[in-house]
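What follows is calculated from the coordinates using simple rules that are stated; it is not laboratory data. What you are looking at is a predicted structure, and each value in this text was computed from that prediction instead of being measured. Using ideal geometry, Cβ is built from the backbone for each residue, glycine included, and neighbour counts are taken over all protein chains shown.
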Amino acid sequence: MSRYDVRGKVALVTGGTRGIGLATARTLQRRGAEVTIVGRSHEDTVAAAKHLGLGVHGVGADVADREAMQRAVEATVERFGRLDIVVANAGITARFATIRAMRPEVFENVVRVNLLGAYNTAYSALPHIIENRGHISLVASIYAFTQGVFVAPYAASKAGVEQLGRALRLELSPHGATAGVVCYGFVDTDMVRFEFDTDPLAVRGANLLPWPLSRHLTPDQGAQALVRGIENRAAHVVAPQQWAVMSALRGLVNPGIDYLLSKLPIVADLIAQGDVPDRLPGPAVSAPGERPTA
């Protein structure tokens, strides 16, 4: 498939006030696109758009509210005249805990924002993406295909996002439009820093990963990978690239990894620590562009 030139295109990026979302909006702007950034806080979104400058518009909307996302799409088309590219990036995670120790409303809210938020974003934009033969980029995670212990709602929602992207890609193909999924490893965002700065369990769990799988990307590096994926109309982007092998071999290696982890005393110890209800009381942790949610 030929290269997709983003110059002169109009993009909508959710979770656009910080981290990967803000870096993606900036990268698209620098490559000649006009951009609407969406975040839950109208004030933060307008401020971020003003910071980026010419050709960037800010719209406050909750991705978990489909009607609000439809209004955000309408505002984009009203402002710029069209919509060609959508980046469904907004998301949250919960504090590290086992499923038993996690309050059901916390689990449900992570799925609502991450999976239904991606659906609401894509669904609201579909008529324009089809009309303009554009591209939808859905941000998932390595947790879509790796072990999700302690982050079950996040992993389950991101696995759902990956499957949503696969279905969209096939459904859009007769229209000349495309969809792709971006699976990130660890990116140095507010969400990741907060977890590692405040939760020893997160640090101990991450220490089980060998280098280079534990490498952290900067938001700008993540944005560059995402925008390259748009320009190539890629079906699947994995960043850092070291995780691509794990993604490709998931069906072979995941059963062995699960078995090995179930036999390690250090993992059993970590599970015992994470199996305490309200171990770290507090809100869910926000990804770029989303405020913490109880």
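Computed quantities for the displayed model
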{"item": "Residue-wise HN-Hα coupling along the range 39-44, computed from phi with Karplus coefficients 6.51, -1.76, 1.60 (Hz; x: Gly, Pro)", "result": "x, 5, 8, 4, 5, 5"}
{"item": "Interchain or long-range residues, amide H under 5 Å from Gly91's placed H", "result": "Ala287, Glu290"}
{"item": "Choice from Arg100, Arg166, Arg82 with maximal GNM fluctuation in the chain (Cα, 10 Å cutoff)", "result": "Arg100"}
{"item": "The chain - mean residue ellipticity at 222 nm from DSSP helices (-39,500 (n - 2.57) per run, n ≥ 4, rounded to 500)", "result": "-15000 deg cm²/dmol"}
{"item": "Other-chain or far-sequence residues with amide H under 5 Å of Val238's (modelled H)", "result": "Cys183"}
{"item": "In nm, spacing of pseudo-spin labels at Leu260 and Leu54 (7 Å Cα→C-beta vector)", "result": "5.4"}
{"item": "Cα-projected label distance for Arg103 with Arg71, points at 7 Å along beta-carbon direction, nm", "result": "2.7"}
{"item": "Among Pro265, Pro240, Pro153: highest mean-square fluctuation, GNM of the chain, C-alpha pairs under 10 Å", "result": "Pro265"}
{"item": "Gaussian network model of the chain, Cα within-10 Å springs - most flexible of Gly53, Gly19, Gly117", "result": "Gly53"}
{"item": "Dipole magnitude of the chain, debye to nearest 20 (Cβ charges: Lys/Arg +1, Asp/Glu -1, about Cα centre)", "result": "660"}
{"item": "Options [x] 130; [y] 157; [z] 117 - which one matches volume of the Cα convex hull per residue in Å³ as calculated here", "result": "[z]"}
{"item": "Local electrostatic count at Val227 - Lys and Arg +1, Asp and Glu -1, tallied over other residues with Cβ under 14 Å", "result": "+4"}
{"item": "Label-point separation in nm, Glu78 to His175, each point 7 Å along Cα→Cβ", "result": "2.3"}
